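FYI, it's all coordinate maths here, none of it is from the lab. Bear in mind that the values here come from a model prediction, so they are computed numbers and not experimental data. Neighbour counts run over all protein chains shown; Cβ positions are idealised from the backbone, glycine included.
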Amino acid sequence: MDGTIYLGKNLFDGALETFDFLNKNNIDYVFFTNNSSHDLEFYYQKMSNFGIKCDLKKNFYSSTEVTISHLLSLGLKDIYVIGNKCLKDKLAKHFNLVNRYEKGRKIDAVIAGFSTELTYQELQDGCLYLETNDCLFIATNGDFRCPIEDGLYIPDCGGMCEWIYRSTGKKATVMGKPNPEIIYYLAKQFNVHLDEVIAIGDRLYTDIEVAVRAKVDSIAVLSGESSLEDIKNYPHQPTYILNSIKELPKLLLEEGE
């Protein structure tokens, strides 16, 4: 969403009209975020405040839900979590969260999410558990940086996981984009074929890459992280390139003719 529909607190020009178009033409859409530092209610409220008519249960999904589903499928119980309180609270509903590193303590996984509440203690404890346990290392997302206002960026989960990898030698399995399972899951939820799906975003190694891996069409918008030069030099090209989300209705009308 950030960099595609809005930037921080600012909705992009034409975004409101775009979602009015989608709603009026019964075109299903999902706001998918790799950001696990907020719950879905936060994003629903944000979109609603912008004036976009949407449904919390139907139109929102995140890397947190993907991660929970994956962990449940593996039957895991004891986990150590590096992340914001909202991520920990959601995981605590399904798993036993270990609070601190304890010598000799066995756990099933270390979970990392984008955290604006990160402490060195969390990084240290996470590394120690990975070094002393044959446990999984799972990340909600692999984004290295998160865009904010004024064209600036702050560290994201991928950067944090890189630090842990350099310290432990263990790489995280990423649950969010570009993992194609997200596309497959949502296609089933909406009962559509993959050739009816299009992924839209500003980040090449997540938004466009997930489309490439899932073999669906994609749209790269130039309103966020990636420039035309970045796209030109990226090994996997998007199906379409738009200046912004404002141009989406025109593209859909032209392709529908």
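In order along the range 190-198, the Karplus-derived 3J(HN,Hα) couplings, from 6.51 cos²θ - 1.76 cosθ + 1.60 at θ = phi - 60°, round to 9, 6, 10, 7, 4, 6, 9, 9, 9 Hz, and Gly and Pro are given as x.
Summed over qualifying helices (DSSP H, 4 residues or more, each -39500 (n - 2.57)) and divided by its residue number, the chain shows a 222 nm mean residue ellipticity of -11000 deg cm²/dmol. If exposed means no more than 14 neighbouring beta carbons inside 10 Å and the site is in a DSSP loop, what's the longest run of the chain without any exposed trypsin sites (Lys or Arg not before Pro)? Answer - 107-170. Projecting the Cα atoms of Tyr129, Asn26, Tyr165 onto the dipole axis of the chain, where Lys and Arg carry +1 and Asp and Glu carry -1 at the beta carbon, places Tyr129 farthest toward the positive end.
Expressed in nm to one decimal, what extension gain is obtained for the pair Val192 and Arg166 from 0.36 nm per residue of sequence separation less their Cα-Cα distance? Walk me through the numbers on the way to the answer.
On the way: separation 26, 0.36 × 26 = 9.36 nm, distance 4.12 nm.
Gain on stretching Val192 to Arg166: 5.2 nm.
Close amide-amide hydrogen proximity is noted between Val197 and Asp217, each under 5 Å apart and 5 or more residues distant or on a separate chain (H modeled in the peptide plane; Pro and chain starts excluded).
Applying Stokes-Einstein at 10 °C and 1.306 mPa s to the Kirkwood radius of the range 178-239, computed over alpha-carbon pairs, gives a translational diffusion coefficient of 136 µm² s⁻¹.
Per-residue Karplus couplings for the range 210-223, computed as 6.51 cos²θ - 1.76 cosθ + 1.60 with θ equal to phi - 60°, are listed in order as 5, 5, 4, 5, 8, 6, 10, 5, 9, 10, 9, 9, 9, 8 Hz, Gly and Pro entered as x. Averaging over all projection directions, the Cα-based convex hull of the chain occupies 13.9 nm² in the image plane.
Residues in the range 2-17 carry Karplus couplings, in order, of 5, x, 10, 10, 8, 10, x, 9, 10, 6, 5, 4, x, 5, 4, 5 Hz; the curve used is 6.51 cos²θ - 1.76 cosθ + 1.60 with θ = phi - 60°, and Gly or Pro positions show x.
Listed here are the pairs Lys77/Lys215; Lys46/Lys88; Lys90/Lys215; Lys171/Lys246; Lys58/Lys170; Lys58/Lys232; which of them are more than 27 Å apart at the Cα? Violating the 27 Å Cα-Cα cut-off are Lys77/Lys215; Lys90/Lys215; Lys171/Lys246; Lys58/Lys170; Lys58/Lys232. Amide H contacts for Leu7 (H built 1.01 Å from N in the peptide plane; partners 5 or more residues away or on another chain; cut-off under 5 Å): Phe12. The alpha carbon centroids of the range 6-51 and the range 127-188 are separated by 24 Å. Charge tally for Glu196 (other residues, Cβ to Cβ under 14 Å; Lys, Arg +1; Asp, Glu -1): -2.
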